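Participant: Below are the structure tokens for one structure; questions will follow.
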Amino acid sequence: MPRTDAMLADPRLAAAQEVLGRSLVKAAVADAQQRVREGFADPGEAVEAALALLPATAGGLKSVVNATGVLVHTNLGRAPLSPAAVAAVTAASGYTDVEFDLADGRRARRGRTALAALAQAVPEAGAVHVVNNNAAALVLAVAVLAPGKEVLVSRGELVEIGDGFRLPELLESAGCRLREVGTTNRTALRDYVHACGPDTGFILKVHPSNYRIEGFTSEVSIQELATIGPPVVADIGSGLLRPEPLLPGEPDAAGALLQGAALVTASGDKLLGGPQAGLLLGDEDLVERLRRHPLARALRVDKLTLAALEATLRGSLPPVHRSLRTSVAELRERAERLARRLGGRAEAVATVARVGGGGAPGVELPSAGIAVDADLAARLRSCDPPVIGRVTGGRLVLDLRAVEPGQDEVIAAALERVCR
């Protein structure tokens, strides 16, 4: 049996320790030695066995193939970053000029180039700021505009987001009092007017991004709310900066500002296609107050987020946008090609994809994929990389709308492996 110290001294395993750390490499060596003891490997192959057992990175997160048909899947990390954003994160991983002016050698405004890119993308905003997520953006708005005051919000917009977090509880924890107006299905302008008073901090307009109310309904537009007096804060949720023709019912930041919102909050890692971030866009004086509030320090983003956000705004089309716009004909052709390769083990099928992640609720995106035996779901999740689909109608469907074309080969190889 090869000794542990001798194996760790092997140049290949020594190099791996420089990247992965000694503990992970040592654990792989121990596993390889156990395989030798059990007769699954020869003593002379112990180092090769240890190398095969090494993880790709020192982190626990695994890259997966998202074949669920949900473009912005919260459980799978929401929007995947573009190649431009990944390159920017890598470049920013060392020392950077994030708060340093190279011209005069003095401190500079943090993330100024990322903020400039956001301001350029939405010139309707007087100023912009970025915090670590959309919930943080709303908390900061309460801290500045409504500490100890009332926030008016329609009963039909008191949403619950993922993992049981509820908007009313979030806002009240920030120190305001919620005043509900209207009913679950119908709210009128007069409801806001009657509730408005000297203790009103702001009016909150929330886009119900993960559900839809249909039938006998009515709501009040931002444009109407802006006539009442108190500032209107519009939480558009999904992060569209400008209108998207494929999602005509989804609100966007530019449109909300043109309608009269004093402040717009949105997510960076949904339909924008960038990193997790809370975007704040609005009146210059108000955004400056938000930026200078003491809580803003606790909610600020790091250099990697700033780098990814700027590259998303300035660089190539993010994967979410490409997935949204891929034609059904192209998806069908890819599905049929996969089915032919896999023979009788897979069938090309028409599917319906969704935006997900609190965006475009109820919007169906025609798509295509392959259907295989439902029993393969767990085995595909154990592959490297794992392939994640959805079980429906007694079969496992692998929807291709959110799958990069280069990953079709990964899916085929994984299926061939688990079907042996």
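Participant: Determine which member of the set Ala58, Ala50 is out of contact with any strand residue (DSSP E or B) (no Cβ under 7 Å at 6 or more places or on another chain) and buried (at least 18 other Cβ atoms within 10 Å of the Cβ).
Facilitator: Just one listed residue meets the conditions, Ala50.
Participant: Return yes or no: is Ser367 closer than 30 Å to Gly111 by Cα and among the small types (Gly, Ala, Ser)?
Facilitator: no
Participant: List the residue pairs whose Cβ atoms are under 8 Å apart, where the first residue sits in the range 131-143 and is under 11 Å from Leu171 (Cβ atoms) and open to solvent by 10 Å² or more (accessible area, probe 1.4 Å), the second is in a loop (DSSP other than H, G, I, E, B) and not hydrophobic (A, V, I, L, M, F, W, C), and the two are 6 or more positions apart or on different chains.
Facilitator: Correct list of pairs: Ala143/Gly175; Ala143/His293.
Participant: Got at least one residue in the range 206-213 being under 20 Å from Glu180 (Cα atoms), among the hydrophobic types (A, V, I, L, M, F, W, C) and touching an Asp or Glu at 6+ places or on another chain (Cβ under 8 Å)?
Facilitator: Within the range 206-213 (the criterion being under 20 Å from Glu180 (Cα atoms), among the hydrophobic types (A, V, I, L, M, F, W, C) and touching an Asp or Glu at 6+ places or on another chain (Cβ under 8 Å)), the answer is yes, since at least one residue qualifies.
Participant: Does Ser218 meet the test of being touching a His at 6+ places or on another chain (Cβ under 8 Å) and touching a residue at least 12 places away in the same chain (Cβ under 8 Å)?
Facilitator: When the stated conditions are applied, Ser218 does not pass them.
Participant: Follow-up question, since we're still on this one. Can you tell me which residue among Val287, Val352 is within 19 Å of Pro245 (Cα to Cα), out of contact with any helix residue (DSSP H, G or I) (no Cβ under 8 Å at 6 or more places or on another chain) and hydrophobic (A, V, I, L, M, F, W, C)?
Facilitator: Criteria check complete, one pass: Val352.
Participant: Okay, moving on. Return the only residue of Pro361, Pro385, Pro366, Pro405 being loosely packed, with under 13 Cβ neighbours inside 10 Å and touching a residue at least 24 places away in the same chain (Cβ under 8 Å).
Facilitator: Checking each option against the conditions leaves just Pro405.
Participant: Does Val19 qualify as being open to solvent by 90 Å² or more (accessible area, probe 1.4 Å), within 33 Å of the chain's Cα centre (by Cα), touching a residue at least 12 places away in the same chain (Cβ under 8 Å) and farther than 30 Å from Leu324 by Cβ?
Facilitator: Answer is yes for this residue.
The values are calculated or read from the model by the stated rules, or taken from the named source; none is laboratory data. Everything numeric here is computed off the predicted structure, so don't read it as measured data. Methodologically, a virtual Cβ is constructed for each residue, glycine included, from the backbone with ideal geometry; neighbour enumeration extends over all protein chains shown. When the accessible area is computed, the model is the full protein with side chains, heavy atoms only, and any ligands, DNA or RNA have been set aside. Shrake-Rupley method; radii C 1.70, N 1.55, O 1.52, S 1.80 Å.
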